[in-house]
Each structure stands twice: as structure tokens, then as C-alpha cells.
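Here is the structure we will look at.
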Amino acid sequence: MKVLVYSAKDFEIKNLEKANNGKHKIRFVPEALDTTTAVIAAGYDAVCIFSNDDASLVVLEILHDLGVKYITLRSTGYNNVSVKSAKRIGLKVAYAPEYSPHAIAEHAVGLLLALDRKLVQANTQVRVFNFTLDNLIGSDLNGKTVGIFGTGRIGSILVKIFHAFGCKVVAHDLERNHYLENHYEVEYLPLEELCRKSDIVSINTPLNYNTHHIFNTTLLMAMKPGAILINTARGGIIKTEDVLAALKNGRLGGYATDVYEHERGIFFKDHSKNGITDEQLKELIALPNVLLTPHQAFATKEALVRIAETTIHNLDCWEEGKTNTNELGFETIML
């Protein structure tokens, strides 16, 4: 099968080549998939895309007209793909659902600790030989109430981690996890009540029609004053301008995030020479109670190997006509 890999990054290519082991004819290009670059896929059977590639209806139609039959994602989230449209026009789509929930969960905790214990600021200080503690006071996690919004694979791991820290864990999800309730004393609450009771709220839910901008002024005002919000899911779940306002007026004590609402075209690129034009992002980064990482939570050695193996597995299943449990159908559509 001829495969074109969009948004290919140096750290991915070696793993993909090893997992492929010469089975498929793969070409890597750094360009992201969009209406302009879709034409590069002419003559290919499949394309492989990442979470910031554009697989909306117009792009899908171009790919279909060029003869592309399959799309495999190197990510768990697929909010960037119009799955219904793909199904309708005859394109098969598969994703990488379980490459490493531990990587995301551990990064979320790392963000929280770094923000609350002011580790970045401390590192900056000691590099200029300033060893004072006046601006480095944090808080204990032990005894705090942590709200987990979404107790799927990642959220479930976070429940266990925060329970080990001695936190009381509350949660919100469409489906309650009885194992977490019985073994970790998790209490499921309506989302607004979770926000009112939690010192820390972690977002671990997919981006879809129902969760888009769910963290807006209304929900943020329901949060406990001074609470910390963690987002390792998708940027569009929070309304950035409302989070900025909550941070400035002191309602929100801190925001630790690995994602940004308008990250497409900005993240995964080096803008150190020319800077960026997104004023909202500049404002967010400049706030002292914000810690933002560039969508790196997934980037562990173990996760990258699993992503590559899953990607090749998806291609193998299509070529060999096998059933693929990673293929997205109407029953799993989020958008």
C-alpha cells in the first residue's frame, strides 16, 4: 500500500519505519494536511495524519477524488476529522486509541506540580544565583479535592495517582466507573458541583459538540476561588478569552495546559526567530500563573513506539481485509 504521512516529524519517522519493516511504501512530508496540501496525496492509497491536520469535509472530498481510500491517525483524538463525511463518501478512518494513557496522565501531574510548586520560576532564579524562597511558596496536594472531568483511560489513571497523593477525588462522566468508586472512593458529581468543590480540576474528555467551550465564564465562575485548572485534552474545551479573564480577576488560581484552542499552524513549529501573531496566546503565556507546554504530553519513547505500531497495524488490516477495532464508525462518532 502506498502511504503518505503528513506532518511528519523527525522524532516519529524512525519508529514508523521500524514498525513498517518495508511492508508499505511510505513517504514522509512535513506539511500538514489541508485544502492546499491535499493534492500531494495523488496516487496514494492511504494518508496518515496527526491531531492538528485538517480532515474536514472539503479536504476529505479532495482526498477521495485523488483516489485515497484510507486515513489513519497518529493520535487518540479525532475531532479534526469529519468522520460522518468520511463514512458517507467511502473513506475508512482509524485512530490510535491506547498508545499511552500513562504518558498523558503523568504529564498532567507534572504540569500541576511544576505550576503549583513554581519549579520553572525556581530554576530561573537559581541560574542567576538567587536562592531566596519568597516567591516560591506552593501548596500541599495531600488533603486537596481533585475533580476529574472524564474517567476514561487517562482520567482513571489520574484518579489512582491523586488518590496516592492523599487527595479526595470527585469525578464527572457520562458513565460512572464502579471500580473507581469502590476502590478509590471516587464520588461522581454534576460538573458544576465538581467545580465548586474542587481545588484542582483536570480535563480528560474528548472535544465534541457537547464539550466545546464547556469551560466558559459560567462554569469558571462556579469554580472554587483560586482553583487550578489542568487541560491535557483539547484546547477547544475551554474558551480561552474566558479563562484569561478568570486568571486576571483572580477567580482562577492557575492554568496548566498542554493544548491551546488555536494551536493549529503554531504548535510543532519553531517560531523563535519571527515570533507569533496570536495575541491571545501571547497574553496567556505571559501570565505568571500559567504553564503551557506545546502539546507534548504524548511524547514519550514508549508512546511513540505504540503509535507507530498501531499506525502500521491499521494499514495492515485494510490491506489484508481484516476487521480493525480501531476503525471509526457511526457508533463512535463525536463530531
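Of note:
- Computed helical MRE - 222 nm, the chain, DSSP H runs ≥ 4 contributing -39500 (n - 2.57), nearest 500: -10500 deg cm²/dmol
- Under Karplus coefficients 6.51, -1.76 and 1.60, residue-wise ³J(HN,Hα) of the stretch 116-128 in Hz, glycine/proline x: 5, 8, 6, 5, 5, 5, 4, 4, 5, 4, 5, 5, 10
- Here the convex hull built on the C-alpha positions of the stretch 101-292 has a volume of 128 cubic angstrom per residue.
- Among 193, 320, 302, the largest mean-square fluctuation in a Gaussian network model of the chain, built with springs joining Cα atoms closer than 10 Å, belongs to 320.
- Measuring nothing but how far apart in sequence close Cα pairs (under 8 Å, 6+ apart) lie, relative to its length, the chain scores a relative contact order of 17 percent.
- From most to least packed by mean Cβ count within 10 Å, the peptides 133-143, 100-110, 244-254, 147-157 give 147-157, 100-110, 244-254, 133-143.
- Look at the dipole of the chain built from charges on Cβ: of 76, 262, 305, the Cα furthest out on the positive end belongs to 305.
- Extreme residue, positive dipole direction of the chain, given options 138, 246, 212 (C-beta unit charges): 138
- Among 76-84, 64-72, sorting by the average number of other beta carbon atoms lying within 10 angstrom of each residue, highest first, gives 76-84, 64-72.
- Once backbone amide H atoms are built at 1.01 Å from N, residue 231 has 203, 256, 257, 258 as its partners under 5 Å, excluding neighbours fewer than 5 places away on the same chain.
- The alpha-carbon positions of the stretch 141-217 define a convex hull whose volume is 82 Å³ per residue.
- More than 20 Å apart - percent of Cα-Cα pairs taken over the stretch 43-154: 60
- Mean Cβ neighbour count within 10 Å, used as a protection proxy, ranking 212-222, 41-51 highest first: 41-51, 212-222
- Using θ = phi - 60° and Karplus 6.51 cos²θ - 1.76 cosθ + 1.60, couplings along the stretch 274-288 (whole Hz; Gly, Pro as x): 9, x, 10, 9, 6, 5, 5, 5, 4, 5, 5, 5, 6, 6, x
- The long axis of helix 301-320 is offset from the longest Cα principal axis of the chain by roughly 30 degrees.
- About the centre of its Cα atoms, the stretch 101-292 shows a dipole size close to 280 debye [charges on the beta carbon of Lys, Arg (+1) and Asp, Glu (-1) only; nearest 20 debye].
- Across 14/322; 14/144; 25/322; 25/87; 84/239, pairs whose alpha-carbon gap is larger than 31 Å: 14/144
- For the stretch 92-122 versus the stretch 234-295, the gap between their alpha-carbon centres in whole angstrom: 16
- The charge dipole of the chain, taken about its Cα centre with unit charges on the Cβ atoms of Lys, Arg (+1), Asp and Glu (-1) only, comes to about 340 debye.
Quick note: the coordinates plus some simple rules give every number you see, no bench work behind them. Keep in mind the model is a prediction, meaning the values are calculated, not measured. All Cβ positions, even for glycine, are placed from backbone atoms using ideal geometry, and neighbour counts span all protein chains on display.
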